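Undergrad: Pasting in a structure now, in structure tokens, and then I'll have a few things to ask.
The values are calculated or read from the model by the stated rules, or taken from the named source; none is laboratory data. Just so you know, these numbers come straight off a predicted model, no measurement behind them. Heads up, the Cβs are rebuilt from the backbone with ideal geometry, glycines too, and the neighbour counts pull from every protein chain shown.
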Amino acid sequence: MFTRRDFLKWTGRSAAALGLSELGLSRLNQALAAESSPPLIWLHGSSCSGCSIAALNAVTPTTFGDLVVNHVSTKYDSLVMAAGAELAIRTMDDAARANQGRFILVVEGGVPTAAGGRYCVIGERGGVPITLLDAVNDLGPRAARVIALGTCASYKGVAGAGANPTGVRPLGDVLAGRLARPVINVPGCPAPPEQLFQVVIGVLAGGAYKLDADGRPATCFPHTVHFTCPRKHLPKATAFGEPGCLLDLGCRGKVTTAMCPRHKWNNGRNWCAAAGHPCIGCAMPDFPVSPLTPTGSYT
Amino acid sequence: MSKRITVAPVTRVEGHLSLQVDVSDTGRVIAAWASGTMFRGFESIMLGRDPRDAIHLTQRICGVCPIPHARTAVEAVERAFGVEVSGNAVLLRNLVQGAGLVSDHLLHFYHLALLDYVHGPSMPPFTPAFAVDQRFSQADADVFADHYVVALEMRKMAQEMGALFAGKLPHVMTYAPGGVTQQPTAENVAEFGRYLDELIPFVEDVYIPDVMRVAQVYPEYFEIGGGPPSLLSFGAFPDGAGGQLFEAGKYTGRGRSPVADRGAERHVFPLTGADVAAIGESVKHSYYGGGQGRAGRAGAAPSLDKPGAYSWVKAPRLDGQVYQVGPLARMVISGNYRGGLSVMDRLLAKAYETEKVAVAMREWLGGLALDGSGYRPVTAMPTSGSGYALSEAPRGALAHWVEYAGGKVTGYRIITPTSWNASPRDDREAPGPIEQALVGVQIADRSQPVELYRVIHSFDPCMGCAVHVTVV
């Protein structure tokens, strides 16, 4: 397992990549050395849990296990926590109260706002249902920083596609005007775990994130998929299975900013275009565009 | 006087589930109601789109088990198009789906279910925890904690293995009408095999013994949480020669369990087209307008304040009967498991099934031809058509139906495993399998109902899947 020492070594090496000043780095070391790790509350909304599964797959800069065990104190995450029922909700309430202004809030999935948020109920308090909207409104302004995890939380994504009957809105819109510092979007379907962990680590270090126009950390999304795609100089493919550039098969790599060609997926094992399939633009505010699947030669 | 207990949320499940139970003075469950508490409305997403979009979109119903959705969607579309894929494509799809199953079953036992029996380390997210009926010593708990961490690594490796042919996981990129866009090479086949070299021994030497250890220490759970004695499997993992690793069938027990019916293979029947046509969904107690209908044909519009409704999950029934689905159903119907129906039987069948699939993956891997035949270009899409496909997700029977006209989807219908298992009461007021399995469970401490957790987790509910979808 990744030790605390390895972790510090890594943060030292990648301080520049994270955009941390020396001051920030010493604060990070302090944060990790502190007896009680910084608290984390992870809410699941209108989601498929794919971003959680992706986070569980990460090894760079560290593993999920290492992050939640050694570096943050995971007070609430309904997918992994031991407690349930009232005890779980009480744990969340106590953690927010005891760590006012100090905890990191991660919201995975869309926030439905229609019908007062009743399309997503995350639990009950004293017999009264708690909607995700209630929880976000309550916890967002009390958090040190709020992270929108995945395209659904960042932009509404699949959860808010089509007629959007449940009124899913981007987390940043729901909380607009009520946060000292804006929501950090980490889009992707699922969100790339490398980027989530970088952001969490940066937040722990007190790094001031420069966000781009889409609310993402600018350094995480510097250019398009096409820009670094190894297929782009090849002749255009006319059907799947050919080795060429997939642009004519509906590839969205030219209009999608993401790090996929560099980070790849599943710890570098593969990624979409390498596996012969065009980019579907899953990290973009307009995902899922229609048609999503490439048209190719047979429309 | 009975007393009502509310469990909201049920944690360590995918998605949003809550539970109400009425218990007697002596703490015995008299009745249970399971509620899916999140609705997304996938139907409005699919309608009017290119039918091929379903391959990507329906996966987003569930990031824990996206692969069976992708496979069932692509095969439904292929049936509508009249496209047949090569044997190589079938094997590649099996390998990705098998990798997902191994990853998912490890996640379920070690990271979702195990904490119902064993205390985790003394720190969040393992604390606070229900502090009743913990029977393992601290030394045992430490070993399980080690395995918890190793299993995180193993399930991650299984996802990496799947990504070799999936492009990425979660959310498969490579399933397209005509086959799989990622072709096998000497390199990726060898790498896949190296993952199996590590995963199979872990399943055989750690996972299965760990489940058996839990079963030995909690033996009464072989008598608890049986649920209805009717099992259903749609069959999965075709071998390309007409057979399947798991047969499609239904088991209708006369006794309480397969044990009571031992030697009575007559209780297993093949699944027929008529059976599939006899699947309907009740929405009497679901938050949808309208009444009963053919699977998904009625009751599409959400109706939040509907009297008597308590769940976003619909109630699928075959010929009006309640069925439970999942690894135990598959293993019993395929003749690979001869235990009973209970919490522990579900955990054990799942572990044995993991081994069965992992071992079969070796064979599929060895059968791959490195000739680029995994994908055959599809040159034409009929302007209208319909199709369906059946498969088995890690949690049980999965079916997709697609209809489209003018190149646009006019109807899309999905019935997922957890819709069966976590279904609410139906038109005849018959409770769903989880609701039935909870009746009779004895609770020691009403504020810490760990006994309910054990029963619910044995079904491994996936609520994102259960509340999906779909209908016109």
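Undergrad: Failed condition for B:P177, given (1) within 30 Å of B:D53 (Cβ to Cβ); (2) without any contact (Cβ under 8 Å) to a residue 40 or more places away in the chain, with all others met?
TA: All conditions pass for B:P177, except number (2).
Undergrad: Taking region B:223-261 on its own, how many of its residues are at pLDDT 90 or above and part of a loop (DSSP other than H, G, I, E, B)?
TA: So the count comes out to 9.
Undergrad: Tell me whether region B:386-394 contains one or more residues that are in a loop (DSSP other than H, G, I, E, B) and within 27 Å of the chain's Cα centre (by Cα).
TA: Yes.
Undergrad: Among (1) outside any loop (DSSP other than H, G, I, E, B); (2) surrounded by fewer than 24 Cβ atoms within 10 Å (Cβ to Cβ); (3) more than 8 Å from chain A (Cβ to nearest Cβ), where does B:G100 come up short?
TA: (2)
Undergrad: Hey, could you check region A:104-124 for residues that are within 7 Å of chain B (Cβ to nearest Cβ) and in contact (Cβ under 8 Å) with a residue 24 or more places away in the chain and say which is farthest from B:A34 (Cα to Cα)?
TA: A:A115
Undergrad: While we're on this one: Only one of B:A32, B:A54 is more than 22 Å from A:G160 (Cα to Cα), out of contact with any Lys or Arg (no Cβ under 6 Å at 6 or more places or on another chain), surrounded by 24 or more Cβ atoms within 10 Å (Cβ to Cβ) and not hydroxyl-bearing (S, T, Y); which?
TA: Answer to the check: B:A32.
Table: residues versus (1) under 30 Å from A:L249 (Cβ atoms); (2) within 7 Å of chain A (Cβ to nearest Cβ).
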{"residue": "B:S2", "(1), (2)": "no, no"}
{"residue": "B:A8", "(1), (2)": "no, yes"}
{"residue": "B:L19", "(1), (2)": "no, no"}
{"residue": "B:R40", "(1), (2)": "yes, yes"}
{"residue": "B:I45", "(1), (2)": "yes, yes"}
{"residue": "B:D50", "(1), (2)": "yes, yes"}
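Undergrad: Let me ask something else about it. Do we find that B:P68 is in a helix (DSSP H, G or I), within 26 Å of B:E435 (Cα to Cα) and not polar (S, T, N, Q) in this structure?
TA: When the stated conditions are applied, B:P68 passes them.
Undergrad: Give me the pairs, please: first residue somewhere in region A:130-141 and farther than 13 Å from A:R97 by Cα and assigned by TED's automatic domain parsing to the domain that holds A:P39, second residue anywhere and outside any helix (DSSP H, G or I) and among the polar types (S, T, N, Q), beta-carbon distance under 8 Å, and either six or more positions apart or on two chains.
TA: Hits for this filter: A:L132/A:S46; A:L133/A:T113.
Undergrad: Across region A:94-137, what is the number of residues that are in a helix (DSSP H, G or I) and touching an Asp or Glu at 6+ places or on another chain (Cβ under 9 Å)?
TA: Here the count works out to 3.
Undergrad: Right, next: Would you pick out the residues in region B:110-155 that are within 11 Å of chain A (Cβ to nearest Cβ), part of a helix (DSSP H, G or I) and free of Cβ contacts under 8 Å to residues at least 40 places away in the same chain?
TA: B:A145, B:D146, B:Y148, B:V149, B:E153
Undergrad: For A:A213, work out the one condition from (1) without any contact (Cβ under 8 Å) to a residue 12 or more places away in the chain; (2) within 16 Å of the chain's Cα centre (by Cα) it doesn't fulfil.
TA: Result: A:A213 fails condition (2) only.
Undergrad: Continuing with the same structure: Return yes when A:D77 is of a type in the set (D, E) and under 17 Å from the mean Cα position of the chain (by Cα) and no when it is not.
TA: The answer is yes for A:D77.
Undergrad: Condition (residue is surrounded by fewer than 19 Cβ atoms within 10 Å (Cβ to Cβ) and within 11 Å of chain B (Cβ to nearest Cβ)) applied to region A:270-289: is it met by at least one residue?
TA: Among the residues of region A:270-289, at least one is surrounded by fewer than 19 Cβ atoms within 10 Å (Cβ to Cβ) and within 11 Å of chain B (Cβ to nearest Cβ), which makes the answer yes.
Undergrad: Report, ordered by the first and then the second residue, all pairs with beta carbons closer than 9 Å, sequence separation of six or more or different chains, a first member in region A:56-74 that is more than 12 Å from A:L40 (Cβ to Cβ) and assigned by TED's automatic domain parsing to the domain that holds A:F103, and a second member that is modelled with pLDDT of 90 or more and among the basic types (K, R).
TA: A:L56/B:R155; A:L56/B:K156; A:N57/B:R155; A:N57/B:K156; A:A58/B:K156; A:V59/B:K156; A:T63/B:K156
Undergrad: Among the residues of region A:49-93, how many are in a helix (DSSP H, G or I), modelled with pLDDT of 90 or more and closer than 28 Å to A:V158 by Cβ?
TA: Residues flagged as in a helix (DSSP H, G or I), modelled with pLDDT of 90 or more and closer than 28 Å to A:V158 by Cβ within region A:49-93 amount to 10.
Condition check ((1) part of a helix (DSSP H, G or I); (2) touching a His at 6+ places or on another chain (Cβ under 9 Å)) across all residues:
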position	(1), (2)
B:L19	no, no
B:D25	no, no
B:A32	no, no
B:R40	no, yes
B:I55	yes, yes
B:R60	yes, yes
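Undergrad: In region B:450-460, is there at least one residue being away from every other protein chain (no Cβ under 12 Å), modelled with pLDDT of 95 or more and touching a strand residue (DSSP E or B) at 6+ places or on another chain (Cβ under 6 Å)?
TA: No, region B:450-460 contains no residue that is away from every other protein chain (no Cβ under 12 Å), modelled with pLDDT of 95 or more and touching a strand residue (DSSP E or B) at 6+ places or on another chain (Cβ under 6 Å).
Undergrad: Within region A:173-196, how many residues turn out to be within 13 Å of the chain's Cα centre (by Cα) and away from chain B (no Cβ under 11 Å)?
TA: Selection size over region A:173-196: 8.
Undergrad: Let me ask something else. Being touching a helix residue (DSSP H, G or I) at 6+ places or on another chain (Cβ under 6 Å), over 19 Å from A:L79 (Cβ atoms) and of a type in the set (V, I, T) narrows it down to one residue among B:V439, B:V409; which is it?
TA: B:V409 is the lone residue from the list that is touching a helix residue (DSSP H, G or I) at 6+ places or on another chain (Cβ under 6 Å), over 19 Å from A:L79 (Cβ atoms) and of a type in the set (V, I, T).
Undergrad: Same structure, new question: Have a look at A:G101, A:G127 and point out the one that is loosely packed, with under 15 Cβ neighbours inside 10 Å and away from every other protein chain (no Cβ under 11 Å).
TA: None of the other options fit; the residue is A:G101.
Undergrad: To continue, here is another question. Of the residues A:M81, A:M92, only one is within 9 Å of chain B (Cβ to nearest Cβ), among the aliphatic types (A, V, I, L, M) and in contact with a strand residue (DSSP E or B) (Cβ under 9 Å, 6 or more places away or on another chain); which?
TA: A:M81
Undergrad: On the given criteria, is B:V313 among the β-branched types (V, I, T), away from chain A (no Cβ under 14 Å) and under 18 Å from the mean Cα position of the chain (by Cα)?
TA: Spelling it out, it is not the case that B:V313 is among the β-branched types (V, I, T), away from chain A (no Cβ under 14 Å) and under 18 Å from the mean Cα position of the chain (by Cα).
Undergrad: Only one of (1) assigned to a helix (DSSP H, G or I); (2) more than 7 Å from chain A (Cβ to nearest Cβ) is not met by B:V172, so which one is it?
TA: (1)
Undergrad: Among the residues of region B:424-462, what is the count of those that are of a type in the set (A, V, I, L, M), closer than 26 Å to B:D319 by Cα and not in a helix (DSSP H, G or I)?
TA: Number satisfying all stated conditions: 2.
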